[in-house]
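Peer 1: Below is one structure. I have some questions about it.
Just so you know, all these numbers are worked out from the coordinates, no wet-lab data involved. Note that this is a predicted model, so its numbers are computed, not measured. Cβ placement follows ideal geometry from the backbone for every residue including glycine, while neighbour counts extend to all protein chains displayed.
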Amino acid sequence: METSTVFRAVDIAKVYRMGEVNVHALRGVSLQLFEHEFVVLLGASGSGKSTLLNILGGLDRPTSGSVFYLDHELTASDDTRLTRYRRENVGFVFQFYNLIPSLTARENVELITEIAKAPMHPLEALDLVHLKERANHFPAQLSGGEQQRVAIARAIAKKPKVLLCDEPTGALDVQTGIVVLEAIARINRELGTTTAVITHNAAIAKMADRVISLSDGKISHIEENHTKVAATELEW
Amino acid sequence: MRKLDRKLIRDLGQMKGQALAIISVIAAGVATYVMSMCSYASLEWSKDYFYREFRFADIFTSARRAPDSLIPRIERISGVATVESRLVYDVLLDIPNMEEPATARLISVPEDGHNRLNKLYISRGRMLEPLRTGEVVISEVFAEAHGFVPGDTLRAIINGKSQQLSIVGIALSPEYVIQVQPGSIVPDEKRFGVFWMNEVDLEAALDMTGAFNSLSLKFAYDKNPDEIIEQLDALLKPFGSVGAYDRTQQLSHQYLSDELKQLRGMAVMAPAIFLSVAAFLLNMVVSRIISQQREQIAALKAFGYTNYEVGLHYLNMVLVISLTGTLLGTLLGFWMAANITELYQKFYRFPMLEFRIDRLAIVSVFLITTTAAILGTWFAVRRAIHLPPAEAMRPEPPPSFRPTLLERLLPANSLSPELRMVIRNISRRPIKSSLSVLGLAMAVSVMILGSFTLDAVNYMMDFQFRKAQRQDLTVTFFEPATAAVIYELSRLPGVLESETMRSVATRMHFQNRSRRVGIVGLEPAPQLFRLLDRQEQAVSVPEFGIMLNSKLAELLAAQPGDLLTVEVLEAKRPTLTIEVTAIVEEYTGVNAYMDKRRLHELLKESQVASGAFLKVDANQLQTVFKELESRPGVGSVAIKDAVIQSFEATVAENILVMRTFIVMFAAVIAIGVVYNGARISLSERSRDLATMRVIGFSRSEVSTVLLGEIAIFTLLAIPLGWGIGYALSAYMVSGLETENYRIPLVISRNTLGMAALVVMIATFFSGFIVQRRISHLDLIGVLKTRD
């Protein structure tokens, strides 16, 4: 399969202030992500992986270095263009789901389909994560795993080119986590969405095409995975 | 509906208590504004209509007896369009079933039965028939007070002769929209009536054929009234004119203008107070919502919602609240205005007092509230707009705390951990804390503002009518009475004490200011009609010089030691130079006082009197009334108790209605501030509080942390609120001040106590609601996930 580069990051660094301390989250990271691939960014807490994902997703800007999405230089884009980039191309899944508690599952998805260019039907998106029946439930009426699947449905409903998942199973137990990962893997497989999942859980790496390990704000190594396993076969 | 709007509606549903509190505060401010502006518009419109259609005169004057031949000369004064001369006499009425005498002002109507100025609106019956004798048209309030209808008859003592008058009509006049007897401060519809009679009738009865004693005129175009007044006075001077005046000194017009001015004042003050409180509350609530929804905002932005869309979402929340409040307030304002307008009907009589909606005011109040709401929340909304999504994804860093000054001053560990949390929380956000205190203080001050008027009016009544004036009756004579008449009066059975006075019309000049004012000559050490200073101490009448009351001193800008030029407008009309020797405190009217003997000397006259103050044995009051009625020289009898009663029935009722509204609104502010503050503290700290509960703190200890803050705020707010209330009341007093009466700045302890109490009750009530929520803290849930 001929693959083209979706993301190209060149020597990016990020320093931010948190409360009263400076945090060096990234210290010179260069990488590429390719079309259709399923990448796991592996690293311990504080390794800078969330920062990297936020920068790829256009939520944040590096302090130095440059990032390209296809032929757009994200690091040269202003706020408006970054917003449009996110609106049109990126689907996010967060560790704590970040659903709008006052909206039902379906409405949470519709919140996104309303502003997307060529979205899928909200129920179709929920069906992809097997939650069509729970469409009219509020987040508080759903289990953690179900909430995360709603979040996935919400992220993919706009048919994004890339799906960025930040510790999607971090708040879930093993069984539920597996169901969620299965949903993500299926999206990647069926829709061909370039998918990046960040986790500190090495077990999840087995389902990726490629595993990029980060520690202390740097890439420690990159490994191609030739024996991809299905999410159901993961154990941790 | 867009999903973001649906979120908005559900979020509002979640915070309905808080939203409702803010809506109420906005509604209260808007209602007061709309009420004032619509009442203003209604009153102003009705006034203008009545004045225009019934040709209310521009200039008024009177004389003792001026020949009709003077009228063509007056008509030739440049700028004069219409002149109408007439006869005006105050006479005593003998009304069956009424002990005390009533005064009627008789006004002549031209022979053809048509007034050219100050036309009558006949509300019942008919106008006078030309040349028919013994007919009267009487004023509506007087007719209503006595139940008179056309066809009834009554007796008046005209020029010493009792004469039967038959009522043919009931009328309203632009000259007597509110009917106040000169020298009184409140309308007394029972004891003072205006009667219109055929000119020929009155001329005959008063022996005034071919002459007039009152004149009014209308301008041809807008003209400086002073020039006309000057020429008019010059023409009428030989005929005993006491000086012409324009509408600004016409009693009914003065009362109406004062009322309008007060409505305007209220329209400025109410929105200023209420909307600033509302803006603060909105800021508090919206800031909280935005920090609570930090991660939702981040998610929205991550999915490509623009900063503008997110900002607009929160702005819409603000707008829904402010527009709902404005809408409700507008409706409430209409209702209040309709009520007030109805209340006005009792005092102010127009052919139609139509409830008018001031459209411009409605539009402006929508603009004002919207602006206030947006300004109040702009910083919070801007934070939502500028919140970088990546940062919002990370949990909020713990807020920075420092040991407070208080803790550093006190010995270590002398404060319990709960108390330390309370103090650090307050001092960590000094602006928010001081605004909370200020908000509560506003509630206290609005309470004071609403209540003090009654204190002040009570004080004023007590000062004026109990401490200063101790007579029961004030009798005035048509013509200055001789010593013999006075002696006779003092010997009437039932009269316990008597004092005489001499009053004379003058025009006073000081520097470039001048003023038409009566000088009252008093006995040197009066016991009945006393003058007091600000400390309520009796002031004896100085042998030389003149005493001004505080309002007159202010109008002339004169101080003790200044020399006034006094142009006497009666008798030989001397022009005198008199020194101001003292200023006395009086809450009603514009008056000047002198030693009576000195006044006689200056006027080069004998010991005559214009009137007398009588103290009467209550059991013999009726005999005294009968005697007074039978005396042709007696022009009017003012009964002090009746004045007090009618004052209480009119002004007090008016104030009471306002007061009820204001007290309710103050409670709304107090509850709004406390409840919102408590709810927000609870939501900000539910995690901390739940953590405290988990690690073993009791419910009451946890409550201390939350409610302690509110209690401290309330305690700080009360004295501050008293101060603000005092300042606002002072401002209001200056706005309410008129020439007819001034409201002293008197705030009783009860009012201060009541204001504090209402706010404390509101605090307690809100605390109770929040306290119940503490009992329901989700101890496990709250620790498990981030909110």
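Peer 1: Over the Cα atoms of region B:449-587, what radius of gyration and what Dmax do you get, in Å?
Peer 2: Calculated on Cα positions, Rg and Dmax stand at 16.9, 53 Å.
Peer 1: In whole Å, what are the Cα extents of region A:46-85 along the three principal axes, biggest one first?
Peer 2: Dimensions of region A:46-85 along the principal axes of its Cα atoms: 29, 17, 17 Å.
Peer 1: Here is a further query. Could you work out the mean count of beta carbons from other protein chains within 10 Å of each residue's beta carbon in A:83-92? Before the final figure, lay out the partial values.
Peer 2: Working: counts 10, 2, 1, 7, 6, 1, 1, 3, 3, 8.
Per residue, the average neighbour count from other chains is 4.
Peer 1: Further question: Any idea what the alpha-carbon Rg over 2.2 N^0.38 Å comes to for chain A? Display every interim value, and only then the final one.
Peer 2: Values: Rg = 17.0 Å, N = 236, 2.2 N^0.38 = 17.5 Å.
Rg over 2.2 N^0.38 Å, computed on Cα atoms: 0.97.
Peer 1: Taking Rh as the Kirkwood radius, which is the inverse of the mean 1/r over Cα pairs, what is the Rg/Rh value for region B:1-74?
Peer 2: Reported Rg/Rh, Kirkwood definition of Rh: 1.55.
Peer 1: Using all Cα-Cα distances in the protein assembly as shown, what percent lands in each 20 angstrom bin from 0 up to the longest?
Peer 2: Pairs per bin, as whole percents: 11, 30, 23, 16, 14, 6, 0.
Peer 1: Once you average over the residues of A:154-162, how many Cβ atoms of partner chains fall within 10 Å of each Cβ?
Peer 2: Going residue by residue through A:154-162 and averaging, the value is 1.
Peer 1: Sorting B:His146, A:His137, B:His386 on the 10 Å Cβ count, fewest up front, what's the list? Each step should come with its number before you reach the end.
Peer 2: Working: B:His146 20, A:His137 16, B:His386 11.
Fewest to most other Cβ atoms nearby, the residues stand as B:His386, A:His137, B:His146.
Peer 1: Still on this structure, please answer the following. Stokes-Einstein at 37 °C, 0.692 mPa s, Kirkwood radius from Cα pairs: D for region B:279-374 in µm² s⁻¹?
Peer 2: On the way: Rh = 16.4 Å.
Answer, rounded: 200 µm²/s.
Peer 1: From the phi of every residue in region B:283-298, what ³J(HN,Hα) in whole Hz does the Karplus formula 6.51 cos²θ - 1.76 cosθ + 1.60 yield, where θ is phi - 60° and glycine or proline is x?
Peer 2: 4, 4, 6, 5, 4, 5, 4, 5, 6, 5, 9, 3, 6, 5, 4, 4
Peer 1: Ok, one more. Sum -39500 (n - 2.57) across every DSSP H segment of at least 4 residues in chain A, then divide by the residue count to get the 222 nm mean residue ellipticity, nearest 500.
Peer 2: Working: 6 runs with 66 residues, N = 236.
Taken over chain A, the calculation gives -8500 deg cm²/dmol.
Peer 1: Still on this structure, please answer the following. Round to the nearest 0.05 the FRET efficiency obtained for B:Asp462 and B:Gln292 when R0 = 60 Å and r is the Cβ-Cβ distance. Could the numbers behind the result be given before it?
Peer 2: Values: r = 55 Å, r/R0 = 0.92.
The pair B:Asp462/B:Gln292 has a calculated efficiency of 0.65.
Peer 1: Show me the three semi-axes of the equivalent ellipsoid for region B:580-720, from the C-alpha gyration tensor (sqrt of 5 times each eigenvalue), largest first, rounded to whole Å. Present the calculation step by step, with values, prior to reporting the outcome.
Peer 2: On the way: eigenvalues 930, 85, 31 Å².
One finds semi-axes of 68, 21, 12 Å for region B:580-720.
Peer 1: Report D for region A:179-225 in µm² per second (integer): Stokes-Einstein, Kirkwood Rh on Cα pairs, 37 °C, 0.692 mPa s. The partial results should precede the final answer.
Peer 2: Details: Rh = 11.7 Å.
Calculated translational D: 281 µm²/s.
Peer 1: Could you order peptides B:763-775, B:150-162, B:663-675 by the average number of other Cβ atoms within 10 Å of their residues, highest first? Each step should come with its number before you reach the end.
Peer 2: Working: B:763-775: 16.8, B:150-162: 15.2, B:663-675: 25.5.
Top of the packing list down: B:663-675, B:763-775, B:150-162.
Peer 1: To the nearest µm²/s, what D does Stokes-Einstein give for region A:5-119 at 4 °C and 1.567 mPa s, using the Kirkwood radius over alpha carbon pairs as Rh?
Peer 2: On the way: Rh = 15.7 Å.
The Stokes-Einstein estimate is 82 µm²/s.
Peer 1: May I pose another question? To check my understanding: the extent here is largest minus smallest coordinate of the Cα atoms along each principal axis. What are those three numbers for region B:60-115, in Å, largest first?
Peer 2: 51, 24, 19
Peer 1: Ok, one more. Where does each of B:Val34, B:Val733, B:Val457 land when they are ranked from fewest to most other beta-carbon atoms within 10 angstrom?
Peer 2: Working: B:Val34 29, B:Val733 17, B:Val457 21.
With the sparsest Cβ surroundings first, the list reads B:Val733, B:Val457, B:Val34.
Peer 1: Sticking with this one: Average partner chain C-beta neighbours within 10 Å, per residue of B:9-15?
Peer 2: On the way: counts 1, 7, 4, 1, 1, 2, 0.
What the average comes to for B:9-15 is 2.
Peer 1: Right, next: Could you work out the equivalent-ellipsoid semi-axes for region A:106-162, taking the square root of 5 times each eigenvalue of the Cα gyration tensor, largest first, in whole Å?
Peer 2: 18, 11, 9
Peer 1: Strictly over 32 Å apart at the Cα level, which of B:Lys16/B:Lys261; A:Lys159/A:Lys206; B:Lys261/B:Lys572; B:Lys596/B:Lys640; A:Lys49/A:Lys117; B:Lys261/B:Lys615 would you flag in this model? Don't jump to the answer; show the numbers that get you there.
Peer 2: Details: B:Lys16/B:Lys261 38 Å; A:Lys159/A:Lys206 25 Å; B:Lys261/B:Lys572 39 Å; B:Lys596/B:Lys640 23 Å; A:Lys49/A:Lys117 30 Å; B:Lys261/B:Lys615 38 Å.
From B:Lys16/B:Lys261; A:Lys159/A:Lys206; B:Lys261/B:Lys572; B:Lys596/B:Lys640; A:Lys49/A:Lys117; B:Lys261/B:Lys615, over 32 Å: B:Lys16/B:Lys261; B:Lys261/B:Lys572; B:Lys261/B:Lys615.
Peer 1: When the distances between all Cα atoms of region B:190-309 are binned every 5 Å from zero, what whole-number percent does each bin get?
Peer 2: 2, 7, 8, 9, 10, 10, 7, 5, 4, 4, 4, 4, 4, 5, 4, 4, 3, 2, 1, 0
Peer 1: Just to be sure I understand the curve: with the Debye formula and one point per C-alpha of region B:641-787, what is log10 I(q)/I(0) at q = 0.13, 0.15, 0.21 Å⁻¹?
Peer 2: Per q value, in the given order, log10 I(q)/I(0) is -0.72, -0.84, -1.27.
Peer 1: Using θ = phi - 60° and the Karplus form 6.51 cos²θ - 1.76 cosθ + 1.60, what ³J(HN,Hα) does each residue of region A:154-159 get, whole Hz, x for Gly and Pro?
Peer 2: Result, ordered by residue: 4, 6, 8, 4, 7, 6 Hz.
Peer 1: Suppose the Debye formula is applied to equal point scatterers at every Cα of region B:619-695; what is log10 I(q)/I(0) at q = 0.12, 0.17 Å⁻¹?
Peer 2: The computed values of log10 I(q)/I(0) come out as -0.66, -0.85.
Peer 1: Let me ask something else. If you bin the C-alpha pair distances of region B:514-589 every 10 Å from 0, what whole percents do you get?
Peer 2: 18, 52, 28, 2
Peer 1: Spelling out what I want: for every residue of region A:126-133, take phi, set θ = phi - 60°, compute 6.51 cos²θ - 1.76 cosθ + 1.60 (Karplus), and round to whole Hz; glycine and proline get x.
Peer 2: 5, 5, 4, 9, 6, 10, 4, 6
Peer 1: For n ≥ 4 DSSP H runs only, could you compute -39500 (n - 2.57) per run for chain B, divide by its residues and tell me the 222 nm figure to the nearest 500?
Peer 2: On the way: 23 runs with 408 residues, N = 787.
Here the helix-only value at 222 nm equals -17500 deg cm²/dmol.
Peer 1: Could you work out Rg/(2.2 N^0.38 Å) for chain B, with Rg from alpha carbons only?
Peer 2: Details: Rg = 33.5 Å, N = 787, 2.2 N^0.38 = 27.7 Å.
Taking N as the residue count of chain B, the ratio is 1.21.
Peer 1: Shifting gears a bit: Where the only charges are on Cβ atoms (+1 Lys, Arg; -1 Asp, Glu), what is the dipole of region B:413-560 about its Cα centre, to the nearest 20 debye? Don't skip to the end; give the middle numbers.
Peer 2: Values: 17 positive and 13 negative charges, 232 e Å.
Rounded to the nearest 20 debye, it is 1120 debye.
Peer 1: Report the equivalent ellipsoid semi-axes for region B:17-151 in whole Å, largest first, defined as the square roots of five times the eigenvalues of the gyration tensor built from alpha carbon atoms. Provide the component values of the computation, followed by the final result.
Peer 2: Working: eigenvalues 343, 124, 40 Å².
The answer is 41, 25, 14 Å, longest axis first.
Peer 1: Let me know the volume per residue of the alpha-carbon convex hull for region A:134-226, in Å³. The partial results should precede the final answer.
Peer 2: Values: hull volume 10.8 nm³, N = 93.
About 116 Å³ per residue, rounded to a whole number.
Peer 1: Same structure, new question: Using DSSP to define loop residues, name the trypsin sites (Lys or Arg not before Pro) in region B:1-86 whose beta-carbon has at most 11 other beta-carbon atoms within 10 Å.
Peer 2: On the way: sites: B:Arg2, B:Lys3, B:Arg6, B:Lys7, B:Arg10, B:Lys16, B:Lys47, B:Arg52, B:Arg55, B:Arg64, B:Arg65, B:Arg73, B:Arg76, B:Arg86; in loops: B:Arg2, B:Arg55, B:Arg76.
Passing both the DSSP loop test and the Cβ count: B:Arg76.
Peer 1: How much of the calculated P(r) for region B:602-644 lies past 15 Å, in percent of all Cα pairs?
Peer 2: Working: 496 of 903 pairs.
Tail fraction, whole percent: 55.
Peer 1: What would the Debye equation give as log₁₀ I(q)/I(0) for region B:697-781 at q = 0.16, 0.23 Å⁻¹, counting only Cα atoms as equal point scatterers?
Peer 2: -0.74, -1.08
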